[in-house]
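Here is the structure we will look at, set down as structure tokens.
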Amino acid sequence: MEKRWIPVLAIPGFLVALLAACQPAEPSVLRLATTTSTADSGLLDAILPAFEEGYNAEVDVVAVGTGQAIEIGQNGDADVILVHARSREDAFVADGYGLARHDVMYNDFILVGPPDDPAGIGATGSAADALAAIAQAQASFASRGDDSGTHTKELSIWQAAGIEPDPEQAWYLSLGQGMGETLQFASESGAYTLADRGTYLSQRDNLPGLAILFGGDSIAENPDRALYNPYGVIPVNPDLHDGIQSELAQQFVEWLTSLETQEAIGEYGVDRFGQPLFYPDSEPYHQAHP
Amino acid sequence: MVSQVEGSALWEIIALTIRVTGTALAASAVLGIPTGAFLAFTRFPGRRLLVALVYTGMGLPPVVVGLVVYLLLSRSGPLGELGWLFTPTAMTLAQTIIALPLVIGLTMTSLEAVDPQLRLQLRSMGADRRQEVTALLSEARAGVVAAVVAGFGGIISEVGAAMLVGGNIAGRTRVLSTAIVLETRMGEFQFALVLGALLLSLAFLVNILLLRLQHRIPYWPGR
């Protein structure tokens, strides 16, 4: 046998191996690109089985940062996205990548940091003032730095404070990591950070070096409306790419915003944390609870 | 925080890890050993450049491979119609690309290290090309198995590409390495460590199997 044929003969073997790795395509799989906060908090695990049963569907959850989730939606690699960065959601729809944005739920952001609060942010009246106090004291601040919804929010608060944080400054630490990693970093190194309350509550036991310093013990006690954190769901525009499960995505949006699902969202976490991690916010919910 | 990985889900994760990495390893061995042999035994213009490219490929950052595979398989990419993104197939493809240069490069060097006298002897004994290559592969089998071991090591614990092109979807594309990242992200350090120990045990078992293979392959196959 001519030796040069050996690699050529190997190609069919490779293709067979690749085919063997293929999963048989299952009908009605909905791909949901969402943020780590909805997945890691356990919310989706708690509510999605009802949808999967009711609509004979399977939901594949890809949990990434909001920036990446939006990117996945723009490329047509998800059928629906559930994210939290209002201005970017509106742009996603305005640019034709998404059909329409629907309110789903909200929670809030808090500022956490070393319990002795060296920058004294506990005494300030707004999130912008709190960040300004951190900058003034040059106390360590850990930024997500990963283009996530939380990072987007953080930047908007710095802007409101009239401060442009610069990673060149030793106190501003841009980590480029997820919420969990950033909280752990802050706990270990005595830094302040902005966190969504849900992720902080769910990991609080592993974060001995942190306390809530601004934002109160529940969303009702949060003094600054700027820390409000709304989540929106957007079905991806099926005209841009082939293969998008448009009908199922629409059903998912209707189901997610329905009164029954909304009540399940509002109950999630109450038994474990004494307060919900997410508050229902859809139109049908508000109609039923004016 | 309740761990995201429990009971039967753990077995699914282990099974998928074995399936994806096993398939990728088989594919890279089937493709890489003959290619490595071809590069070792043939002289042609541009060969040195090709060898340099293979050696460079041995250092490919997995996340870059993942990114390229991601862009290829995305619905807005050239192979989007296959619908492979966020499936085990995409992970297998990425891992094959990561392991392939390792298998090719190490196979090639181990064959080149075989005593050149042996080739002359084989020819003088009237061996044809196929018999010659088979005999040389057998002579260098320790190095060839080491090439496969290196390929395996490069992908079993790999997380950048698996996360990117697989999406770490529970019950579908979650493997041990991506589950470890997830648990770490959620602050479940202890469980992440348990998963890490499982991953290491799995790697240990596979390496034991491969090493046995190293000794089992008969010295002169076909004789």
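The values are calculated or read from the model by the stated rules, or taken from the named source; none is laboratory data. Please read all numbers here as calculations on a predicted model, not as lab measurements. For neighbour counting, all protein chains shown are included, and Cβ atoms are generated from backbone atoms with ideal geometry for every residue, glycine included.
In summary, B:P45 fulfils each of the numbered conditions (1) surrounded by fewer than 17 Cβ atoms within 10 Å (Cβ to Cβ); (2) touching a residue at least 40 places away in the same chain (Cβ under 8 Å) with the single exception of condition (2). Of the residues making up the stretch A:219-234, those that are more than 16 Å from A:R88 (Cβ to Cβ) and crowded, with 17+ Cβ neighbours inside 10 Å are A:I219, A:N222, A:D224, A:L227. Considering B:R43, B:R75, B:R48, B:R19, the condition of being part of a helix (DSSP H, G or I) and within 13 Å of chain A (Cβ to nearest Cβ) is satisfied by B:R19 alone. Selection of strands (runs of 3 or more DSSP E) fully inside the stretch A:1-118 by the criterion of at least 2 residues being closer than 27 Å to B:R185 by Cβ, in the same structural domain as A:P223 (by TED's automatic domain parsing) and at pLDDT 85 or above returns A:102-113. Anything in the stretch A:123-135 that is modelled with pLDDT of 95 or more and in a helix (DSSP H, G or I)? List them, or say none. Correct list: A:A127, A:A128, A:D129, A:A130, A:L131, A:A132, A:A133, A:I134, A:A135.
Scanning the stretch A:97-115 for residues that are among the polar types (S, T, N, Q) and crowded, with 18+ Cβ neighbours inside 10 Å turns up at least one hit. Listed here are the helices (runs of 4 or more DSSP H) enclosed by the stretch B:114-219 that have at least 3 residues being within 24 Å of B:L85 (Cα to Cα): B:141-156, B:176-185. The residues on offer are B:G83, B:G32, B:G57, and the sole one that is within 10 Å of another protein chain (Cβ to nearest Cβ) and surrounded by fewer than 23 Cβ atoms within 10 Å (Cβ to Cβ) is B:G83. Condition check for A:G198 on (1) in a helix (DSSP H, G or I); (2) closer than 14 Å to A:G209 by Cβ: one failure, at (2). In this structure, is A:P230 of a type outside the set (F, W, Y) and under 30 Å from A:Y200 (Cα atoms)? Yes, satisfied. Of the residues making up the stretch B:171-193, those that are surrounded by 16 or more Cβ atoms within 10 Å (Cβ to Cβ), closer than 19 Å to B:E12 by Cα and either β-branched (V, I, T) or within 14 Å of chain A (Cβ to nearest Cβ) (or both) are B:R172, B:T173, B:R174, B:V175, B:T178, B:A179, B:I180, B:V181, B:L182, B:E183, B:F191, B:A192. Taken over the stretch A:148-174, residues that are assigned to a loop (DSSP other than H, G, I, E, B) and crowded, with 18+ Cβ neighbours inside 10 Å amount to 3.
Taking the residues in the stretch B:129-168 that are within 11 Å of chain A (Cβ to nearest Cβ) and of a type in the set (D, E, K, R) as candidates, determine which candidate is farthest from B:L195 (Cα to Cα). Checked the stretch B:129-168; the qualifying residue farthest from B:L195 (Cα to Cα) is B:R129.
Among the residues of the stretch B:176-202, which ones are in contact with a Gly (Cβ under 7 Å, 6 or more places away or on another chain) and within 26 Å of B:S28 (Cβ to Cβ)? If the condition is that a residue be in contact with a Gly (Cβ under 7 Å, 6 or more places away or on another chain) and within 26 Å of B:S28 (Cβ to Cβ), then B:T178, B:I180 are the ones that fit.
Could you check how many residues of the stretch A:157-193 are closer than 19 Å to A:A128 by Cα, touching a residue at least 40 places away in the same chain (Cβ under 8 Å) and of a type in the set (S, T, N, Q)? Of the residues in that region, 1 qualify. Quick check: is even one residue across the stretch B:142-162 charged (D, E, K, R) and crowded, with 17+ Cβ neighbours inside 10 Å? Among the residues of the stretch B:142-162, at least one is charged (D, E, K, R) and crowded, with 17+ Cβ neighbours inside 10 Å, which makes the answer yes.
Rundown of residues vs (1) out of contact with any helix residue (DSSP H, G or I) (no Cβ under 7 Å at 6 or more places or on another chain); (2) closer than 30 Å to B:F191 by Cβ, yes/no style:
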| site | (1), (2) |
| --- | --- |
| B:L120 | yes, no |
| B:M125 | yes, no |
| B:A135 | no, no |
| B:G143 | no, no |
| B:A150 | no, yes |
| B:G154 | no, yes |
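Scanning the stretch A:227-247 for residues that are within 22 Å of the chain's Cα centre (by Cα) and away from chain B (no Cβ under 14 Å) returns A:L227, A:Y228, A:N229, A:P230, A:Y231, A:G232, A:V233, A:I234, A:P235.
Restricting attention to the stretch A:55-78, the residues being more than 12 Å from the chain's Cα centre (by Cα) and either among the polar types (S, T, N, Q) or more than 15 Å from B:G166 (Cα to Cα) (or both) number 9. Would you be able to say whether some residue in the stretch A:248-258 is without any contact (Cβ under 8 Å) to a residue 12 or more places away in the chain and over 30 Å from A:G76 (Cβ atoms)? There is no residue in the stretch A:248-258 that is without any contact (Cβ under 8 Å) to a residue 12 or more places away in the chain and over 30 Å from A:G76 (Cβ atoms). When the stretch A:50-82 is filtered for residues that are in contact with a strand residue (DSSP E or B) (Cβ under 6 Å, 6 or more places away or on another chain), more than 14 Å from chain B (Cβ to nearest Cβ) and free of Cβ contacts under 8 Å to residues at least 40 places away in the same chain, nothing remains.
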